[in-house]
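Working notes, structure below.
The values are calculated or read from the model by the stated rules, or taken from the named source; none is laboratory data. Quantities reported herein were computed from a predicted structural model and do not represent experimental measurements. All Cβ positions, glycine included, derive from the backbone under ideal geometry; neighbour counts span all protein chains shown.
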Amino acid sequence: MKRTTPTFGFIAVLFFMTGCDSGVEATSTEMTSLGKMEYVEGMERTAQANRFYQTTTIRAVGDILIHDRVYDDARIEDGFDFTPMLEDVAPYLQEADVTIANQETMIGGEEIGLSGYPAFNSPFEVGDALKEAGVDVVTLANNHTLDRGPQSIMNALQYWDELDMVYTGSFRDEEDASELRIVESEGISIAVLSYTYGTNGIPVPDGRDYLVNLADPSLMATQIADASEKADAVLVALHAGDEYVDYPNQQQRDWVQIAADNGATAVIGHHPHVLQPAEWIEGKHEHEMLVVYSLGNFLSGQYDHPRRVGGIFHFELEVVEGEKARAVNPALLPTYVQFEEGDRNYRVTPMKDLTDRELPDVNTHLEDVEAHMSQWLPELDVMTE
């Protein structure tokens, strides 16, 4: 789906690991530009020779929560420029085939008045920065979707369309909501769905349920099962959990199980504003699904240390001919929101690149993230150097 970019860090390692782990022996001439490889006789994972498999890389980030102090820092003479805030992490977002971000604040634009907490409305230019940084899909179902009403949503969706950015979780009308978002990458079809636990008590306008996807168990089960029939992989963005709590609650677990039972390939969680661990979930029919319960804040104006820690979650989708996709090789690049006194120079930086001056005892913080995020998923590769 995405333009060709240089290969960075852990993607090269993970691609090599995929080849080793698959039990496949192949020469470079057996690889095609689409990433297909012909299996040779005697391979372990299938009794049939001459079958193909395809892989594509997915990366996802958590909450993009544009407080007023963040957009004030981005203000320039003729508008806003958020691009410098993402420069350090853009290469990691760009090198994935598909990158997904949770845009928690609607980019309704200045014409209806910008605002921060508790009722957010953000500049259009947030979208420009995400596009330039390498984001391909934005998920929009969250507790702030209805903050500034339908007009903010309509303005935002119009701008995402102008950017040719795929959005899901909030829609302009019933017809828009009925169109399943499926992106194609390396020959693999990927459906992306988005749900939220609620909207901060703001009622959904009568007859306009399409404005935000609420996490109704029946709706989720139906839509995820339908998406599983229509696409090789189904990725579910789930906005749920207790804010500032390090572990998932029972509601999160229940909804994640619904996703697994109905054929989802992975669940990408957000809303707690702090990191919560990843694990495998066993669904019906021996289906195994990957979940990360919360990726924390990616870019926000929240001050406390745990709320400044986020991550770029990585996994590959692997499809063997005739079968559904499965997630493999999960990894995490921890990130940190830096800013200077006076709420200046907001910047998202890979935590491994920070110095002790920028974040005292940074190595200890990295070890804490690694231990926390991998406690239920020991094979999670957390980038600490």
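Can you list the strands (runs of 3 or more DSSP E) lying wholly within the range 226-284 that have 2 or more residues being of a type in the set (D, E, K, R)? Lay out the reasoning, then the answer.
Values: elements: 233-239, 266-270, 275-282.
Those strands (runs of 3 or more DSSP E) span 275-282.
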Out of (1) among the hydroxyl-bearing types (Ser, Thr, Tyr); (2) modelled with pLDDT of 95 or more; (3) surrounded by fewer than 19 Cβ atoms within 10 Å (Cβ to Cβ), what's the single condition that is false for Thr55?
-> (3)
Residues in the range 4-19: is at least one out of contact with any Leu (no Cβ under 8 Å at 6 or more places or on another chain) and either acidic (Asp, Glu) or modelled with pLDDT of 95 or more (or both)?
-> no
Restricting attention to the range 255-287, which residues are at pLDDT 95 or above and of a type in the set (Asp, Glu)?
-> Asp261, Glu279, Glu282
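Given the condition among the hydroxyl-bearing types (Ser, Thr, Tyr) and part of a strand (DSSP E or B), answer yes or no: does some residue in the range 302-312 qualify?
The initial filter retains those residues of the range 302-312 that are among the hydroxyl-bearing types (Ser, Thr, Tyr), namely 303.
Now restrict to residues that are part of a strand (DSSP E or B): none.
So far as the range 302-312 goes, no, none of its residues is among the hydroxyl-bearing types (Ser, Thr, Tyr) and part of a strand (DSSP E or B).
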When the range 277-308 is examined, which residues are found to be touching a helix residue (DSSP H, G or I) at 6+ places or on another chain (Cβ under 7 Å), crowded, with 24+ Cβ neighbours inside 10 Å and among the hydrophobic types (A, V, I, L, M, F, W, C)?
-> Ala278, Met289, Val291, Leu299
Within the range 292-308, identify whether any single residue is within 18 Å of Val234 (Cβ to Cβ) and either without any contact (Cβ under 8 Å) to a residue 40 or more places away in the chain or touching a Phe, Trp or Tyr at 6+ places or on another chain (Cβ under 7 Å) (or both), and answer yes or no.
-> yes
Evaluate the range 97-104: report whether one residue or more is closer than 22 Å to Pro203 by Cα and part of a loop (DSSP other than H, G, I, E, B).
-> yes
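Could you check how many residues of the range 64-89 are of a type in the set (A, V, I, L, M, F, W, C) and within 20 Å of His273 (Cα to Cα)?
The first filter runs over the range 64-89 and keeps only residues of a type in the set (A, V, I, L, M, F, W, C), leaving 64-66, 70, 74, 76, 80, 82, 85-86, 89.
This time we only want the ones that are within 20 Å of His273 (Cα to Cα), so: 64-66, 70, 85-86, 89.
Counting residues in the range 64-89 that are of a type in the set (A, V, I, L, M, F, W, C) and within 20 Å of His273 (Cα to Cα) gives 7.
Based on what the data block shows, is Ala215 among the hydrophobic types (A, V, I, L, M, F, W, C), within 27 Å of Gln251 (Cα to Cα) and touching a His at 6+ places or on another chain (Cβ under 9 Å)? Lay out the reasoning, then the answer.
Numbers: among the hydrophobic types (A, V, I, L, M, F, W, C): yes; within 27 Å of Gln251 (Cα to Cα): yes; touching a His at 6+ places or on another chain (Cβ under 9 Å): yes.
Against the criterion (among the hydrophobic types (A, V, I, L, M, F, W, C), within 27 Å of Gln251 (Cα to Cα) and touching a His at 6+ places or on another chain (Cβ under 9 Å)), Ala215 qualifies.
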Counted residues, the range 210-224 - those being in contact with a helix residue (DSSP H, G or I) (Cβ under 8 Å, 6 or more places away or on another chain) and either surrounded by fewer than 17 Cβ atoms within 10 Å (Cβ to Cβ) or charged (D, E, K, R) (or both) = 2
Touching a residue at least 60 places away in the same chain (Cβ under 8 Å), of a type in the set (Ser, Thr, Tyr) and either closer than 21 Å to Val291 by Cβ or not in a strand (DSSP E or B) (or both): does that describe Ser218?
-> no
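Do we have any residue at all in the range 348-362 that's surrounded by fewer than 22 Cβ atoms within 10 Å (Cβ to Cβ), in a strand (DSSP E or B) and out of contact with any Asp or Glu (no Cβ under 6 Å at 6 or more places or on another chain)? Please lay out each step first, then the result.
Residues of the range 348-362 surrounded by fewer than 22 Cβ atoms within 10 Å (Cβ to Cβ): 349-350, 352-362.
Going one step further and asking which of them are in a strand (DSSP E or B), we end up with 349-350.
Now restrict to residues that are out of contact with any Asp or Glu (no Cβ under 6 Å at 6 or more places or on another chain): 350.
Yes, the range 348-362 contains at least one residue that is surrounded by fewer than 22 Cβ atoms within 10 Å (Cβ to Cβ), in a strand (DSSP E or B) and out of contact with any Asp or Glu (no Cβ under 6 Å at 6 or more places or on another chain).
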